[in-house]
Amino acid sequence: MNLKEYVAGRLAGITPLEKNDILGLLALPPTDDMGDLAFPCFALAKTFRKAPPMIAAELAASYAPDEWVEKAEAVGGYLNFYFKREAVAKSVISDVLSKGKAYGTDTLGENKTVLVEYSSPNIAKPFHVGHLYSTAVGNALANIYEALGYNVQRLNHLGDWGTQFGKLICAYKRWGDKETIEKDPINELLKIYVRFHNEAEEDPALEDEARHYFKLLEEGDEEATALWTWFREVSLREFKSTYDRLGIAFDSYNGEAFYGDKMAAVVDELKEKDLLVESEGAQIVDLSDEGLPPCLLLKSDGATIYATRDVTAALYRKQHYDFYKNIYVVGLPQSLHFKQIFAVLKKMGYDCADDCVHVGFGTVKLSDGKLSTRGGKVVLLEDVLKESVARTEAKIREAGIVTEDVEEISEKIGVGAVLYAFLHNSREKDIVFSWEDMLDFEGESAPYVQYSYARGKSILRRAEESGKLPESFCVTDEEYALIKALDGLNAAIRDSAEKNEPFVVNRYVTNLARCFNKFYNTSSILKEEGDVRAFRLALCEAACIGIQNALGLLGIQTVEQM
């Protein structure tokens, strides 16, 4: 039962406002003792030509109690609604228990396709901690849209083309060893790539050699193509190992190279529509009427760049997927780039530009100097995950709170802690890693939420029976707070999708865990009997379902014991 919609529907019958307008105005009161929902009457002052407090009083008098609403009370310029606790409890808990893993989902996006492009590391380069921001946010958004019924396609737009591959081919032919690279692909490829740059400083002729190899690659030379294919395969194999650890999978790994043979047609179309303008030998699209700098699409030597590939990719995706929404989870510094891409699409006459969305995110900093480098240059995600799991296991063993499956539990908690840290705040905020905060079992962290779930499951295991809602029962303040928190999952999912902000779901599940722990600490469960025991067990089971479902949307696993 969506009580917010129910109240909005009733208010629409006694006010001149439409239901959707009322829904946008209804809000939670600042404190629980002021009711469950508040309607500000200020929006009616002009229509009724009365002071808001007087309007609130009149509406309160005309709003009769019913099966859901205990009373409607005027408080200043607000009309506050108090729901019948028992009715709400029965509705929410029954809904959660009957839907189980499907609780929180709906069919809002049925028959609509949403594309989410995220992660997108560069071939032959390390998967560093910065990549996790895109990976965590993108995966959570994909899960969230899927929960709303959309057909979600997860796209990994690999950085697998460009002049750097000419350099890598040159480096491999001079210093590479296939057997060594097969054992440790990313690190070994990075070593010879770095060596190329060091050697090229002393011997500039190497740069010409690299350009020659990239030209061969562009022309489809058999040897150059075979090497490029191998570099891609061994890199992707290592990336997939990291994705497996994070519980992440993609529907497509089509990277920049995939669009290589499709760009010429797009360039021809731009020329046919008189959109390309020569500028210092290069070809641009003038976007001054959009208040944007020109978008460079062809360099003076005729070579394509990122923008050419991105315009081509967007058009391919529209044709191939007929997307409802095309989301790019890419860092905030690329905001201008995507504004230009979407503007070019619009100038070409493609309305799908309006359905393309850049979801930007901030940067990552680590406060722990010990984890700031490996070789002084990058922070590898592999190192962060290993450190998090190791610290988690040390904490668990020190506390003696788990006797079996310590390694498996530590893996889930340690990886979950890292993901939670990236999804804890608005994605546009920078992240400063703090191990103490990230692995805090008492504060806002994945371990805290996972521990809440494990607590609930422990109670259910010891009870040996499932909770059933009795015909009649009383609801305490702590129980009602937990029920109201539990009821908000679908609203959190919708809000998260509307804003493209996974932290909304993170905030929901953290609050749910907090409410559950307050209930756990103030309410006896297993020592009770009869209706009280049955009700509280049902509430405990429902809370576990809510926590597990919400964490799952964030890509975080639950553990049965901690």
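Any read-out appearing in this document is the output of simple, stated calculations on the displayed coordinates, not a laboratory observation. All of these numbers come straight from a predicted model, not from anything done at the bench. All Cβ positions, even for glycine, are placed from backbone atoms using ideal geometry, and neighbour counts span all protein chains on display.
What the table below lists for this structure:
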{"item": "Cβ charges +1 (Lys, Arg) and -1 (Asp, Glu), total dipole of the stretch 3-83, debye", "result": "460"}
{"item": "Violating pairs (Cα-Cα greater than 21 angstrom) within the set LYS46/LYS84; LYS325/LYS429; LYS183/LYS215; LYS484/LYS527; LYS125/LYS191", "result": "LYS46/LYS84; LYS325/LYS429; LYS183/LYS215; LYS484/LYS527"}
{"item": "Residue-span extension gain [GLU86 to SER524] - 0.36 nm each, minus C-alpha spacing", "result": "155.8 nm"}
{"item": "Near-label residues of the stretch 461-488 by backbone N, under 15 Å of a point 7 Å along Cα→Cβ of GLU404", "result": "461-462"}
{"item": "Global size of the stretch 44-174 as Cα Rg and Dmax, reported in angstrom", "result": "27.4, 87"}
{"item": "Share of Cα-Cα pairs in the chain lying beyond 46 Å, as whole percent", "result": "27"}
{"item": "Cα pair count fraction exceeding 16 Å, expressed as % - the stretch 3-83", "result": "43"}
{"item": "Where GluC sites (Glu not before Pro) fall in DSSP loop in the stretch 515-545, at most 13 other Cβ within 10 Å", "result": "GLU529"}
{"item": "Extension gain from SER279 to TYR306, taking 0.36 nm per residue of separation minus the Cα-Cα distance", "result": "7.9 nm"}
{"item": "Per residue, the convex hull volume that the Cα atoms of the stretch 148-290 enclose (Å³)", "result": "196"}
{"item": "Gain on full stretching of the segment that runs from LYS173 to TRP68 - 0.36 nm per residue minus C-alpha separation", "result": "30.3 nm"}
{"item": "Fewest-first sequence of CYS352, CYS515 by Cβ atoms within 10 Å of each Cβ", "result": "CYS352, CYS515"}
{"item": "Rough spin-label spacing in nm, given labels placed 7 Å along Cα→Cβ, for ASP531 and SER466", "result": "2.2"}
{"item": "Cα→Cβ-extended label distance, 7 Å offset, between ASP261 and GLU5, nm", "result": "4.9"}
{"item": "FRET efficiency, 1/(1 + (r/R0)^6) with R0 25 Å, evaluated for THR163 and TYR316 via beta carbons", "result": "0.60"}
{"item": "Candidate lysines - alpha carbon under 18 Å from LYS273, same-chain residues fewer than 8 apart omitted", "result": "LYS262, LYS346, LYS347"}
{"item": "Sorted by Cβ density within 10 Å, fewest first, the residues CYS41, CYS544", "result": "CYS544, CYS41"}
{"item": "Separation of the ALA249 and LYS99 label points, Cα + 7 Å toward Cβ, nm", "result": "2.5"}
{"item": "Charge dipole (the chain, unit charges on Cβ, about Cα centre) - positive-most of GLY555, ALA171, PRO204", "result": "GLY555"}
